[in-house]
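A.B. asks: Encoded as structure tokens, here's the structure I'll be asking about.
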Amino acid sequence: MLLVEAACFSQSMITVPLYDTLGADAVEYISNHADVSCVACSVKELPMVLQILDRCPTIKLVVAYPHSGRPMPANLPAAPPGCGVKVMTIDALRAAGRSAPAAPVPPTPSTMATICYTSGTTGNPKGVVLTHGNIIANAAGMEATTHANTDEPPTAGDVHISYLPLAHIYERVVFTANIHYGCAMGFFRGDPLLLVEDIQELKPTMFCSVPRLWNRIYDSIMTAVNGGSAIQRGLFHMAFNAKKAALMAGRDPPWIWEKLVFSKLKARLGGNLRIMSSGASPISPDVMDFLRVCFCPIIEGYGMTEAACSITMTHPDDMMTGHVGAPIAAIEIKLADVPEMGYTRADKPYPRGEVCVRGPSVFQGYYKDEVQTRETIDEDGWLHTGDIGAWIQEGRLKIIDRKKNIFKLQQGEYISPEKIENVYVRCPLVAQSFVYGDSLTSCLVAIVVPDPETLAAYAKQHGLKGDIVALCKDPKVTDKVLAQMTQVGKTSKLQGFEMVKAIRLHPEPFSVDNGFMTPTFKIKRPQLRQHFQGDIDSMYKALGQK
């Protein structure tokens, strides 16, 4: 809404995110885009924005809005003399708009609605150009899928709590759908630690979230259950198993368990929830079952910004877990062969390949980036997602791999393992590494091949005996290598979530001969993952992740 209000002053603007410091990337972006003439920022970021105006000569207007609900100061700092930049509050901008009303110009389906930026983890963020038609098509398709074969579509009596970032396409499309149905929407106060209090106050009937929060709810309740008496634990598990069995069989759950057990749990989330949804990254099947048994039906979606949000969604009544459902009404999907990874549509028992998407919700292209647009959308209009999927029972899609080596951790952070491996290879004790993570865990682990010469010298210096096989099994050597990797990671400014938390040393180098490298000397991730799955599972278990 800030973007809409600022549009009366500027044809192009950028909104500064709520960071403690204004990053160099933002400055570079503004200074390199001559059409950016307006900056919207919170009053907290305003001093930082004013400091960089000399490097951003196209900026003519800076609009400040309140930070985390706090009142605006009586006086805003002024722009540096001579820069020709006007600084004003969002209230002043609103007043200026009211004093000079203009006739509305309704958008058409082909009118650009927004430029929604990708995360830019492995490069510069890409601006995804979405039209009004894209967003409406996706919202309509999502709602048609969610409420198909039910008598309870959203109504004006429904309440949605908005706490996910409105800069992300997930919350924005949900918001659009709720506006269409006339639902009430409440915004949390901005403090994640107080979100549960906000939920209890608002008492929402619909709740959209991400696995990270669902996992916290699961952990909190199960900790309380396991900390209770033997009678309380037994009562919970009896109720849970009875209700799950009833849901699996398509029967109404026993009312006694609702009254004695689940009503108390539902009260933690306001007591009125009738549907929940999960997106951004996959959710654990155990957590999925827990939520639908303890609270209400939950759906899981798979999508991306370039598709205006949802691509597939599970049905509220589908009790099968481990998949992301069927295509929504606005999308068609095909799988394309990826022979270099061993995935084809002829695979048995299920066809496998890269998920390609087409339909009215697919984006128009990347803003001012025709090259990457052509790389992402082919000449027949298919959006190549980079995800590897398999068609399983009854037309369900299961995401099984990535064509490009990028994945999300449980908390939604994107990871580029090759970038991290290129940092760790700078460690004197490291010759090669295979960094691994997945969307059901919150941290990274690695298989590390030590440098034999450096390791031999270290062993001699510290009086360690044995050949390289024995040294790779020595906990002291493992701790030293991990400490060195951690130090190099910090020096190279890896983010906390990019730092490996556990390693296993492997004495044999990855090579073409042993099948762990391609002829172009790139590591084969599926083969490495399969070979070292036991070590990976063991490390995550020790870290309390699985």
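The values are calculated or read from the model by the stated rules, or taken from the named source; none is laboratory data. Being a predicted model, the structure only gives us computed values, none of them experimental. Cβ placement follows ideal geometry from the backbone for every residue including glycine, while neighbour counts extend to all protein chains displayed.
A.B. asks: Please indicate, with yes or no, whether at least one residue in the range 365-374 is outside the structural domain of residue 198 (by TED's automatic domain parsing) and assigned to a strand (DSSP E or B).
C.D. replies: The answer is yes, given that some residue of the range 365-374 is outside the structural domain of residue 198 (by TED's automatic domain parsing) and assigned to a strand (DSSP E or B).
A.B. asks: Give just the number: which of (1) closer than 21 Å to residue 142 by Cα; (2) in contact with a helix residue (DSSP H, G or I) (Cβ under 8 Å, 6 or more places away or on another chain); (3) not hydroxyl-bearing (Ser, Thr, Tyr) does residue 311 not satisfy?
C.D. replies: Going through the list (1) closer than 21 Å to residue 142 by Cα; (2) in contact with a helix residue (DSSP H, G or I) (Cβ under 8 Å, 6 or more places away or on another chain); (3) not hydroxyl-bearing (Ser, Thr, Tyr), residue 311 breaks only (2).
A.B. asks: Under 16 Å from residue 118 (Cα atoms), without any contact (Cβ under 8 Å) to a residue 24 or more places away in the chain and under 17 Å from the mean Cα position of the chain (by Cα), is that true of residue 404?
C.D. replies: Taking the combined requirement at face value, the residue satisfies it.
A.B. asks: Which members of the range 439-455 meet the condition of being under 20 Å from residue 522 (Cβ atoms), in a loop (DSSP other than H, G, I, E, B) and under 20 Å from the mean Cα position of the chain (by Cα)?
C.D. replies: Passing the criteria: none in range.
A quick yes/no check of all residues on (1) touching a residue at least 24 places away in the same chain (Cβ under 8 Å); (2) assigned to a loop (DSSP other than H, G, I, E, B):
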{"residue": "486", "(1), (2)": "no, no"}
{"residue": "489", "(1), (2)": "yes, no"}
{"residue": "494", "(1), (2)": "yes, yes"}
{"residue": "513", "(1), (2)": "no, yes"}
{"residue": "529", "(1), (2)": "yes, no"}
{"residue": "537", "(1), (2)": "no, no"}
{"residue": "545", "(1), (2)": "yes, yes"}
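A.B. asks: Taking residue 306 and the conditions (1) more than 26 Å from residue 135 (Cα to Cα); (2) surrounded by 14 or more Cβ atoms within 10 Å (Cβ to Cβ); (3) modelled with pLDDT of 90 or more, which numbered condition does it fall short on, given that it satisfies the others?
C.D. replies: Tallying (1) more than 26 Å from residue 135 (Cα to Cα); (2) surrounded by 14 or more Cβ atoms within 10 Å (Cβ to Cβ); (3) modelled with pLDDT of 90 or more, residue 306 fails exactly one: (1).
A.B. asks: Can you tell me which residues in the range 375-409 are touching a Ser or Thr at 6+ places or on another chain (Cβ under 9 Å), part of a loop (DSSP other than H, G, I, E, B) and under 26 Å from residue 527 (Cβ atoms)?
C.D. replies: 403, 404, 405, 406, 409
A.B. asks: Has the range 284-294 got at least one residue that is outside the structural domain of residue 266 (by TED's automatic domain parsing), in contact with a helix residue (DSSP H, G or I) (Cβ under 8 Å, 6 or more places away or on another chain) and in contact (Cβ under 8 Å) with a residue 40 or more places away in the chain?
C.D. replies: no
A.B. asks: Just give me the residues in the range 388-428 being within 25 Å of residue 510 (Cα to Cα) and acidic (Asp, Glu), in sequence order.
C.D. replies: Of everything in the range 388-428, those that are within 25 Å of residue 510 (Cα to Cα) and acidic (Asp, Glu) turn out to be 401, 418, 421.
A.B. asks: Here's something else I'd like to know. Every residue in the range 342-366 that is more than 14 Å from residue 399 (Cβ to Cβ) and in contact with a helix residue (DSSP H, G or I) (Cβ under 9 Å, 6 or more places away or on another chain), please.
C.D. replies: 342, 359, 360, 361, 362, 363, 364, 365, 366
A.B. asks: Being of a type in the set (Ser, Thr, Tyr) and surrounded by 15 or more Cβ atoms within 10 Å (Cβ to Cβ) is the requirement here; does residue 284 meet it?
C.D. replies: yes
A.B. asks: Right, residue 334: over 22 Å from the mean Cα position of the chain (by Cα) and in a strand (DSSP E or B) or not?
C.D. replies: Taking the combined requirement at face value, the residue satisfies it.
A.B. asks: Quick check on this structure: which one of 420, 415, 377 is assigned by TED's automatic domain parsing to the domain that holds residue 357, surrounded by 18 or more Cβ atoms within 10 Å (Cβ to Cβ), touching a Leu at 6+ places or on another chain (Cβ under 7 Å) and not acidic (Asp, Glu)?
C.D. replies: Within the list 420, 415, 377, the selection yields 377.
A.B. asks: Now for a different question. Looking at residue 483 and the list (1) over 33 Å from the mean Cα position of the chain (by Cα); (2) within 19 Å of residue 424 (Cβ to Cβ), which single condition is not satisfied?
C.D. replies: Result: residue 483 passes all but (1).
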